[in-house]
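Below is one structure, written out as structure tokens, with a few remarks after it.
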Amino acid sequence: MLRHQFLQSLAQTSPSPLMLEISHASGCTLTDTNGKEYLDMISGISVSNVGHRHPKIIEAIHKQCELYLHLMVYGEYVQSPQVLLAEASTEVLPNTLNTCYFTNSGTEAIEGSMKLAKRVTGKPRFAAFYRSYHGHTQGAMSLMGSEYFTASYAPLLPCIDFLHFNKQEEIRKITSDTAAIFIELVKAENGCIPIDPNFLAAIIKKCKDTGTLIILDENQTGFGRTGSLFAFQQFDFVPDILVLGKGMGGGMPIGAFIANHEHMMQLSHNPVLGHITTFGGHPVCCAAALANLQLIANEINLNEIKLKEALICEQLKHPLIKAVHGLGLLLAIEFESEQINQQIIKHCIEQGVITDWFLFAPNMLRLAPPLTCTNDNITYTCRTIINSCNKILI
Ligand code: PMP
């Protein structure tokens, strides 16, 4: 009945939705309406970093619900959940990232950062990488560099220059007309390809020479996923604008773009209301995000992320597995073909393990479990993937 209505009354985004009917979720486990349990090894695409319904997140939500829900569009009233979250966020960031704008989503944060870069630099162009995902609104989609996904929506924004990732010679495309370059340190939807530190260093140098801002999209890499609170802490540099979302809210919808105060003040005048949003920085989401940040910064042992990554890599050895890409618990298992990958994903779901593919790497299997997953969860998942591979080889 519900399944029929799902297909009938909700907009569909693919010809064959998974259609799992989940009745409840806790920790790393989703339970369907028949009582079957699934290990969530993708965290709703890097969202449930602290697991589903963490008690501290639920407590923070309850507490805020007792006080107020929505009061006013972003930026007018002094609302303690927003202020406390901003204070706690900037405390864990370098000095220059000291002013937060909270949004509804990662995509909206990308949009805000595009506008801010134009205001700060007065320049018209952006640089972005081919086949990178920054969101699905028309501005963010303009940064995607994928003919397949964007052709139907032309014209998108003009003045975007696309670069091939990790190719030094591409850096010439950043010029004195470039307001900002959008980067991910692990290019997630391309199959979790880490940036080459030499390539990053060359980008940083070129951006300094051309007066171009670096906008770092940590939607997928943020909040502990790669083994540090933010991935940039492992790459020894500080972006001009940091974009966050996904794992930020502990399961609640919130994003942010964070920059220095002087730059951010540009949004307040000439014209005023440089970016406005009705629900961005919703008090309940901010309360959840504060609890989430405290959990990841203080309670979850991020040193274990690298050990969990190693455990996965150690166990995923099979003739069908060509490589494992990524950093920390943001991993892509590469197979020969999309067809093999789809068979394995299907078999895993039958065995109660949820994995996924990547937008620009359909031959790769996504592993991005809650950071709180156990070694047993990992071993069960790896065994299931290896069993699926063996089934295919037979
Ligand atoms: N940037 C990256 C790197 C993402 O992976 C995503 C979402 N997959 C976004 C931006 C957009 O985030 P959202 O869908 O939450 O708006």
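For the stretch 206-365, the solvent-accessible area works out to 38 Å² per residue, with a probe of 1.4 Å and every protein chain left in place. Taken along its principal axes, the alpha carbon cloud of the chain reaches lengths of 65, 56, 45 Å, longest axis first. Using the average count of surrounding beta-carbon atoms within 10 Å as a protection proxy, the listed peptides 219-227, 95-103, 319-327 rank, highest first, as 219-227, 95-103, 319-327.
Which order do the peptides 293-306, 154-167, 65-78, 363-376 take when ranked by the mean count of other beta-carbon atoms within 10 Å per residue, highest first? Please report the intermediate quantities before stating the final value.
On the way: 293-306: 15.6, 154-167: 13.7, 65-78: 11.4, 363-376: 22.5.
In decreasing order of mean packing, 293-306, 154-167, 65-78, 363-376 become 363-376, 293-306, 154-167, 65-78.
For the options E87, E334, E21, a Gaussian network treatment of the chain with springs between C-alpha atoms closer than 10 Å singles out E21 as fluctuating the most.
With a ≥ b ≥ c the root eigenvalues of the C-alpha gyration tensor of the stretch 299-368, is it rounded (a/c under 1.5), prolate (a/b larger than b/c) or oblate?
Working: a/c = 1.88, a/b = 1.66, b/c = 1.13.
Note, shape of the stretch 299-368 comes out prolate.
Solvent exposure of the stretch 28-165, expressed per residue, is 48 Å² of accessible area, with all protein chains present and a 1.4 angstrom probe.
With the cut-off at 1.5 for a/c, could you classify the stretch 1-143 from its C-alpha gyration tensor as rounded, prolate or oblate? List each step's numbers first, then the result.
Working: a/c = 2.05, a/b = 1.32, b/c = 1.55.
In terms of gyration-tensor shape, oblate.
For the pair N375 and H164 in one chain, pulling the backbone fully straight at 0.36 nm per residue adds 72.3 nm over the alpha carbon distance.
Taking only complete DSSP H runs, can you tell me which helices of the chain stretch 24 Å or more along their own long axis by Cα positions and average at least -0.5 on the Kyte-Doolittle scale? Don't jump to the answer; show the numbers that get you there.
Values: long enough: 375-393 (27 Å, -0.17).
Span-like helices here: 375-393.
In the chain, Cα pairs under 8 Å separated by at least six residues give a relative contact order of 23 percent.
Quick one: compute the contact order of the stretch 112-199, relative version, from alpha carbon pairs under 8 angstrom and 6+ residues apart, as a percent. It would help to have the intermediate numbers written out before the result.
Values: 128 pairs, mean separation 30.3, N = 88.
Relative contact order, the stretch 112-199: 34 percent.
Taking the 1.4 Å solvent-accessible surface of the stretch 237-330 as the whole, the part contributed by carbon and sulfur is 56%. Once the chain from V238 to R383 is taken as fully extended at 0.36 nm per residue, the excess over their C-alpha distance is 48.3 nm.
Separation of the stretch 229-262 from the stretch 1-60 is 26 Å, based on Cα centroids. Given the pairs K246/K306; K173/K322; K205/K246; K36/K391; K187/K208, which span a C-alpha to C-alpha distance of over 25 angstrom in this model? From K246/K306; K173/K322; K205/K246; K36/K391; K187/K208, over 25 Å: K173/K322; K205/K246. Taking the helices alone, the chain has a mean residue ellipticity at 222 nm of -10000 deg cm²/dmol, built from -39,500 (n - 2.57) per DSSP H run of at least 4 residues and averaged over all its residues.
Taking only protein heavy atoms and a 1.4 Å probe, the accessible area of the stretch 1-47 is 57% carbon and sulfur. By accessible area, using a 1.4 Å probe on protein heavy atoms only, the stretch 78-166 has 55% of its surface on carbon and sulfur.
Between K317 and V272, what is the FRET efficiency for a Förster distance of 51 Å, r being their Cβ-Cβ separation, to the nearest 0.05?
Numbers: r = 59 Å, r/R0 = 1.15.
Calculated value: 0.30.
For the stretch 263-394, the relative contact order works out to 21 percent when only alpha carbon pairs closer than 8 Å and six or more residues apart are counted. When the Gaussian network model of the chain links Cα atoms closer than 10 Å, the mean-square fluctuations of V50, V83, V186 top out at V83. With a 10 Å cut-off between alpha carbons and a GNM built on the chain, which of I45, I22, I254 moves the most? Ranking I45, I22, I254 by mean-square fluctuation puts I22 first. Within the stretch 247-303, the percentage of alpha carbon pairs spaced more than 18 angstrom apart rounds to 50%. Take the alpha carbon gyration tensor of the stretch 132-233, find the square roots of its eigenvalues, order them as a ≥ b ≥ c, and report rounded if a/c is under 1.5; if not, report prolate when a/b exceeds b/c, else oblate. It comes out oblate by the Cα gyration axes.
The values are calculated or read from the model by the stated rules, or taken from the named source; none is laboratory data. Because the structure is predicted, anything quoted here is derived from the model rather than measured. In this analysis, Cβ positions are derived from the backbone assuming ideal geometry, glycine residues included, and neighbour counts consider all displayed protein chains. Side chains are part of the model used for accessible areas, which takes the heavy atoms of the whole protein and leaves out ligands, DNA and RNA. Shrake-Rupley method; radii C 1.70, N 1.55, O 1.52, S 1.80 Å.
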